[in-house]
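> Here it is, the structure in full.
The values are calculated or read from the model by the stated rules, or taken from the named source; none is laboratory data. Computed from a predicted structure; not experimentally measured. Here Cβ is always computed from backbone atoms with ideal geometry, including for glycine, and neighbour counts include all displayed protein chains.
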């Protein structure tokens, strides 16, 4: 909670901005879909709806991160991020399947729905791109100052949302200037594929975390190297990690000289723990101190 005075306000501002932008984009794209009947706009709308869900989940995660662990949740509440991510991935799969089915049906039958009010649709998509860019700039500034992983991940996700928006503009422009309605279905199909790939990535990450999958092997190796080279540490073993939301829980046993005092042994372990957390702020670290075996 000590950090909350300086960083939680910034993190909350990024979370609230993300939710506000998502609500605005969903409202605008709903209006644009009604005006244009464009599947590419529908694909962008589905993506913005997912953004709203993810933004709400991210805001909840930021609020939960400011709360200390309690008796019922000794390791905190970050697993709620993974549960929310699984729900988001299911929503994304359903949306991508529905959009793909509609797009393929239009292409196979050759009956393309006539688009209308393309200018309004283009205007909405341009506004959405502008708002998205502004949000990304603010999120990146906050992430640099606070190191919050939720804000950083949300920023990366919004970057990927620009593709469906640009595709929708291209489809509406081609329909308005050349009367080619098929482009709308093709763009929608491509956007649906991107949505499906995103769902697989989000769902797999959430599933791995809920199943206590280990952290990135590169992170594990780097922690092991730090422990091995730490002054006073004669060796280490049983380095174990697991993920929960944006947190990585680390357990490591270090081997120390059994003849030194308890105070000295504690200082070595505490110093290593502080350094790991300083280097990787997403880590929650427990260091066990063992007597080194005589050789």
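> Limited to the range 257-294, what total is found for residues that are crowded, with 19+ Cβ neighbours inside 10 Å and over 30 Å from residue 207 (Cα atoms)?
So the count comes out to 3.
> So, residue 228, is that one within 21 Å of the chain's Cα centre (by Cα) and either in a loop (DSSP other than H, G, I, E, B) or on the phi < 0 side of the Ramachandran plot (or both) or not?
The answer is no for residue 228.
> Filtering the range 206-227 down to residues that are over 13 Å from residue 247 (Cα atoms) and exposed (fewer than 13 other Cβ atoms within 10 Å of the Cβ), which residue is modelled with the lowest pLDDT?
211
> May I pose another question? Of all residues in the range 244-278, which are at pLDDT 90 or above and within 30 Å of residue 86 (Cβ to Cβ)?
Once the filter is applied, which keeps residues that are at pLDDT 90 or above and within 30 Å of residue 86 (Cβ to Cβ), the range 244-278 yields 249, 250, 251, 252, 276, 277.
> Could you check the range 118-139 and list, in sequence order, the residues that are modelled with pLDDT under 85 and surrounded by fewer than 18 Cβ atoms within 10 Å (Cβ to Cβ)?
Scanning the range 118-139 gives 119, 120, 123.
> Here is a further query. Picking from 43, 32, 22, 17, which residue would you name as being in a helix (DSSP H, G or I), farther than 24 Å from residue 138 by Cα and at pLDDT 80 or above?
The match here is 32.
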